[in-house]
Amino acid sequence: MVGMRKLCFCLCVLLSVAPLGSANAYIDKQTAVVTVMDKTAGKVQTLALPVGTNVEHEKLNMLVRSCKQTDPFDAQDFFMFIEVNKSDEGKIFSGWMSANEPGDNPLQNADYDLWLVKCE
């Protein structure tokens, strides 16, 4: 009977310490690396955009609000929240992008495409 009590006590302790589900942990990064395609000029460029800084590139004004990496123990993915304004159109995009799923929420404009490569 004493052995059964010890077993029950150990199980209770283990259950109270063990995580019930996988928590999503993200690591904040300071720079978003993006690829910008200028469709009218036919060129593609990779840019490093510091988080919290307005960056002007051709007709685009880009502001990355957040860039995050998944937990290093999970499958690697990167996410950024970006706001993009075009000089002659105003805001053309505001939202989250994922490096692993660039087609889920892309910036597609008549003149520009933009997608996240990674966060550094």
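The values are calculated or read from the model by the stated rules, or taken from the named source; none is laboratory data. All values reported here derive from a predicted model rather than from experimental measurement. Here the Cβ is made from the backbone with ideal geometry for all residues, glycine too, and neighbour counts use every protein chain on show. The area values use the complete protein model at the heavy-atom level, side chains included, leaving out ligands, DNA and RNA. Shrake-Rupley method; radii C 1.70, N 1.55, O 1.52, S 1.80 Å.
How big is the accessible area of residue 37 in square angstrom, nearest 10, if you roll a 1.4 angstrom probe over the protein chains?
Rounded to the nearest 10, that gives 60 Å².
At a threshold of 8 angstrom on Cα-Cα distance, excluding pairs fewer than six apart, so keeping six or more, what relative contact order does segment 31-94 reach in percent?
23
List the lysines whose Cα sits under 20 Å from the Cα of residue 68, skipping any in the same chain fewer than 8 residues away.
Here the lysines satisfying the reach criterion relative to residue 68 are 29, 118.
Rounded to the nearest 0.05, what FRET efficiency do residue 81 and residue 110 give with R0 = 30 Å and r taken as the Cβ-Cβ distance? Could you check?
With a Förster radius of 30 Å, E is 0.80.
Would you kindly derive the ³J(HN,Hα) couplings of segment 68-79 from the backbone phi angles with the Karplus curve 6.51 cos²θ - 1.76 cosθ + 1.60 (θ = phi - 60°), listing them in order in whole Hz, with x for Gly and Pro?
So the J values, rounded to whole Hz, are 10, 10, 5, 3, x, 8, 9, 4, 5, 8, 10, 9.
For the pair residue 25 and residue 61, what calculated FRET efficiency results from E = 1/(1 + (r/R0)^6), where r is the Cβ-Cβ distance and R0 = 25 Å, to the nearest 0.05?
Given R0 = 25 Å and the Cβ-Cβ separation, E is 0.20.
What's the extension gain from residue 89 to residue 39 if we count 0.36 nm per residue and subtract their Cα-Cα distance?
Values: separation 50, 0.36 × 50 = 18.00 nm, distance 1.63 nm.
So the chain would gain 16.4 nm between residue 89 and residue 39.
In segment 26-120, what percent of the accessible surface is made up of carbon and sulfur (1.4 Å probe, ligands and nucleic acids excluded)? Don't skip to the end; give the middle numbers.
Numbers: 2410 of 5170 Å².
Of all accessible area on segment 26-120, carbon and sulfur atoms account for 47 percent.
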